[in-house]
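Okay, structure first, notes after.
The values are calculated or read from the model by the stated rules, or taken from the named source; none is laboratory data. A quick note: this is a predicted structure, and the numbers were derived from the prediction, not measured. Positions of Cβ are generated from backbone atoms using ideal geometry, with glycine treated the same way; all protein chains shown enter the neighbour counts. Surface areas here come from the heavy atoms of the whole protein model, side chains and all, with no ligands, DNA or RNA. Shrake-Rupley method; radii C 1.70, N 1.55, O 1.52, S 1.80 Å.
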Amino acid sequence: MSIDPAVEIRGLVKRYGTKTAVDGLDLTVRAGTVTAVLGPNGAGKTTTVETAEGYRRPDAGTVRVLGLDPIAQAEALRPRIGVMLQSGGVYSGARALEMLTHMSRLYADPLPVAPLAERLGLGDCGRTPYRRLSGGQQQRLALAMAVVGRPELVFLDEPTAGLDPQARRATWELVRELRADGVGVVLTTHHMDEAEQLADDVAIVDAGRVVAQGSPDELCRGGAENTLRFTGRPGLDLASLLKALPDGAGAVEPLPGVYRVTGDVGPQMLATVTTWCAQHGVMPDSLAVERHTLEDVFLELTGKELRG
């Protein structure tokens, strides 16, 4: 796996008339990893990804994809990347298998078409014109076209939008296999569980900038207290529990017999709480560590829900 970034964006600015869609954005995508780019509508994520794909020319800043300028060195870059678009790129009258076969012939060493089509559930609709495919079938064809050329890096725009659960799982497995083969994946998604399941890194974009980037675990740990919750008999001596806990930790009984311990929840705090319970003859029921989800973090950073 290359140690050089698959995508490196510095100070990207993109304007449409008087509107600044991207405002000094920095983004790094590590080679051979899955990076999910999340953001509310109008945040600038689509413009950022389209600039990396070579479809938009930046007004300021630098963009390098596999070490190349996606505009000036497009001819050298295009054979090395795959792009899945939400719509367009397919002739309305072309049959699904014909289009995939045509796309495969544009590459020097494509994947075998028939097994790829079968795997993504396109076998039964291979002779159906594109315009007659369902939305989910069109999505699967677009995904197949993006990966058939064995790209080093693939951009996936909402890869599971409109898919049924079985097709969604098949897509997830394909993304995992791409990563295992050393292929970098940049995906946009409106499904938080998809980002949590697939992404090594998550970049949250808002108001034209990356406001946070890291692994799902890192983002869920940062900027929010974790909570250890347990139940027991009402009226426990929380003053003595607080003395046993590290400085900065808290303990409350919001409801009779329900206890919440907040702070830097980790193995040491868990051991402290269970030891205190044992010393005080408390059998804790429903002991659980509650952590902020990726959706919690997203809402805290952007103040908006992630919707399509």
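Quick notes on this structure:
- Correct choice for Cα extents along the principal axes in Å that was computed from the model, options (i) 73, 46, 36; (ii) 58, 47, 40; (iii) 98, 38, 37: (i)
- Of all DSSP beta bridges in segment 94-222, antiparallel share, percent nearest 5: 55 percent
- Cα-projected label distance for residue 18 with residue 296, points at 7 Å along beta-carbon direction, nm: 4.2 nm
- Accessible carbon and sulfur surface of segment 3-123 relative to its total accessible area, %, 1.4 Å: 50 percent
- Ligands, DNA and RNA are left out, and with a 1.4 angstrom probe the accessible area of segment 205-287 is 54 Å² per residue.
- Count of lysine pairs in the chain with Cα separation under 22 Å (8 or more residues apart, or interchain): 4
- The chain: antiparallel DSSP beta bridges as a percent of all, rounded to 5: 65 percent
- Here the accessible area of segment 132-183 is 43 percent carbon and sulfur, with a 1.4 angstrom probe and all protein chains present.
- When the alpha-carbon atoms of segment 73-119 are used, the pair Rg, Dmax equals 11.9, 35 angstrom.
- Once all protein chains are placed together, residue 190 keeps about 50 Å² accessible to a 1.4 angstrom probe.
- Cα point-scatterer Debye curve for segment 120-168, base-10 log of I(q)/I(0) at q = 0.21, 0.27, 0.30 Å⁻¹: -0.75, -1.10, -1.23
- Stretched out straight at 0.36 nm per residue, the stretch from residue 180 to residue 247 would grow longer than its current Cα-Cα span by 19.8 nm.
- Each of 281, 226, 92 was scored by the projection of its Cα onto the charge dipole of the chain, and the greatest displacement toward the positive side belongs to 92; charges sit on the C-beta of Lys, Arg, Asp and Glu.
- Point-to-point label distance, residue 59-residue 268, nm (Cα→Cβ direction, 7 Å offset): 4.9 nm
- Percent accessible area from carbon and sulfur atoms, segment 238-306, protein chains only, probe 1.4 Å: 56 percent
- Using the 1.4 Å probe convention, the accessible area of segment 132-200 works out to 37 Å² per residue with neighbouring protein chains retained.
- Average accessible surface for segment 56-108: 59 Å² per residue, computed with a 1.4 Å probe over protein heavy atoms with every protein chain in place.
- DSSP-defined antiparallel bridges as percent of all bridges, segment 1-153, nearest 5: 95 percent
- Calculated from the alpha-carbon coordinates, segment 154-229 shows an Rg and a Dmax of 14.1, 42 Å respectively.
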